[in-house]
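Asker: Dumping the structure here so I can ask a few things about it.
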Amino acid sequence: MSIRKLTVMALLVAIAVAGSTFISIPTGIARAYPVQHAINVISAILLGPLPTVMIAFVTAIIRILTGTGSLLAIPGSVIGALFAALAYKYSEKTWLAGAGEMFGTGILASLVAVPYSHLLMGTSVAALFFMPAFLTSSVVGATLGVVIAKSLQKTVFVNGLNSTLR
């Protein structure tokens, strides 16, 4: 992996962690942190699947350690990141990266979070308990990520950067 790619990855992790500190949406049972999902979409488009999953995982770990995320940050960000990156890789459509993030986090990760939370956090909840919060966060964040990514794709800087990052 090149130094340039690692630098971009570190920058995206920093933006996601900082954004999670300042931007959150109360959703009743939890707080939604849409910046993580926006970064997932942007990194899926710029970097591809493996770096995107690495960014999501490192961000989740830092958020857990700093107290801006719970253990649910791991499935909530990594699964959506993977689906966003794979959707973009195989379609080259920005909106599908957003849809992959919404499906991966809002649907799949919210269902994975139920046994995960029972096993690691000792909480027993219904199957759809996490879905409203996960959907809210991923829909807002993925929409923001698609808008930002579309704007970035029009810049000369990102066009030059894309050729060196992939």
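The values are calculated or read from the model by the stated rules, or taken from the named source; none is laboratory data. The structure presented is a predicted model; accordingly, all values stated were derived computationally and were not measured. As a convention, Cβ positions derive from the backbone with ideal geometry for all residues, glycine included, and neighbour counts pool all protein chains shown. Keep in mind that these areas ignore ligands, DNA and RNA; they rest on the heavy atoms of the full protein, side chains included. Shrake-Rupley method; radii C 1.70, N 1.55, O 1.52, S 1.80 Å.
Asker: For the range 65-74, enumerate the residues that are in a loop (DSSP other than H, G, I, E, B) and surrounded by fewer than 22 Cβ atoms within 10 Å (Cβ to Cβ).
Answerer: Listed by number, the residues that qualify are Gly67, Thr68, Ser70, Leu71.
Asker: Ok, one more. Mind listing just one residue for me: the one in the range 47-64 that is open to solvent by less than 20 Å² (accessible area, probe 1.4 Å) and part of a helix (DSSP H, G or I) and, of those, farthest from Leu82 (Cα to Cα)?
Answerer: Here is the first cut: in the range 47-64, the residues open to solvent by less than 20 Å² (accessible area, probe 1.4 Å) are 47-48, 51-52, 55-56, 59-60, 63.
This time we only want the ones that are part of a helix (DSSP H, G or I), so: 47, 51-52, 55-56, 59-60, 63.
Values: Leu47: 12, Pro51: 10, Thr52: 7, Ile55: 11, Ala56: 9, Thr59: 14, Ala60: 14, Arg63: 19 Å.
Among those residues, the one meeting the criterion is Arg63.
Asker: Select from the range 75-98 the residues that are open to solvent by 40 Å² or more (accessible area, probe 1.4 Å) and farther than 15 Å from Ile39 by Cβ and list them in ascending order.
Answerer: Answer for the range 75-98, where residues must be open to solvent by 40 Å² or more (accessible area, probe 1.4 Å) and farther than 15 Å from Ile39 by Cβ: Leu86, Lys89, Tyr90, Glu92, Lys93, Trp95, Leu96.
Asker: Just need a number here: residues in the range 99-108 that are open to solvent by 40 Å² or more (accessible area, probe 1.4 Å) and at pLDDT below 90.
Answerer: 2
Asker: Kindly establish whether Thr143 is surrounded by 13 or more Cβ atoms within 10 Å (Cβ to Cβ), at pLDDT 90 or above and either out of contact with any Cys (no Cβ under 8 Å at 6 or more places or on another chain) or among the hydrophobic types (A, V, I, L, M, F, W, C) (or both).
Answerer: Answer is yes for this residue.
Asker: Okay, moving on. Is there a residue being among the polar types (S, T, N, Q) and within 14 Å of Leu135 (Cα to Cα) anywhere in the range 84-93?
Answerer: No, every residue in the range 84-93 fails to be among the polar types (S, T, N, Q) and within 14 Å of Leu135 (Cα to Cα).
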